[in-house]
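Derivation of every value follows stated rules applied to the coordinates shown; laboratory data play no part. Owing to the predicted nature of the structure, the values given are computational and were not obtained by experimental measurement. In this analysis, Cβ positions are derived from the backbone assuming ideal geometry, glycine residues included, and neighbour counts consider all displayed protein chains.
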Amino acid sequence: MPTDFDEPADDMMAAELALGLLEGDERAVALRRMLADPAFAREVETWRLHFAQLFDLWPGVEAPEGLIERIDATLGGPGTDRRPSRLPWPLLAIASSALAACLLVIVAIRPDPAPVVFTPAPAPVERTGPVLVASLDYEKTPIASFYDPSRGSLRVAASPDIAANRVAELWVIGADGVPHSLGLLTRTATALTIPAANRARLAAGAVLAISVEPLGGSPTGLPTGPVVAKGALSSV
């Protein structure tokens, strides 16, 4: 855990993401990096835990009436004509912590330490809408996923540990409650291009699920084996 604040952190992007300070393309780049780089994901989680401990030790309290005006008067000196700041800094600190917790639902994971080769992330592009993330509950460690509607691309950070003669298949379950296959997962990270027919089903609130199927995938078009992981998509 970073404790020496006299020296710059190795990667300030991790701290900024943990505090919810990144927006737009910068946040999208950081989320993609979190899925592709286990070390970066662990650093984000380390910062999140560090900030959470600080807020536990010093919870936000309501400032006494007139306190900010007295501080401003002291800083500005006698006779200052500056308008006193009424910025609710304790509330902003709490809000930043809450936002960081929402964004980091996908980093409450312990990524597979096996080395995985990823292609460099593409340059930021103009997006037509929000991105979707989900953390799929799995018995060993949650599995993070990231969906970019503007490209129709879905990345799943890992795959369940299953027998060699079986395969993990990813499904989306929308409001109709019917599972629709999105494709088969590899043993490590998987990038899928979603067909147009399924893109509308990938929306906030829809559930991603992983089932264990025979080699080649489900022969029926519906899950035939046990569902070992699932989680709802959230817009960020």
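Given a Förster distance of 22 Å, report the FRET efficiency between Val227 and Thr188 from their Cβ-Cβ distance, rounded to the nearest 0.05.
0.60
Calculate, for Asn165 and Ala204, the FRET efficiency according to 1/(1 + (r/R0)^6) with r their C-beta to C-beta distance and R0 25 Å; round to the nearest 0.05.
Once the sixth-power term is evaluated, E becomes 0.10.
Please report, in debye to the nearest 20, how large the charge dipole of segment 128-236 is about its Cα centre when each Lys and Arg carries +1 at its beta carbon and each Asp and Glu carries -1 there.
It works out to roughly 200 debye.
For segment 140-168 and segment 170-206, what is the separation of their C-alpha centers, rounded to whole Å?
Their Cα centres are 10 Å away from one another.
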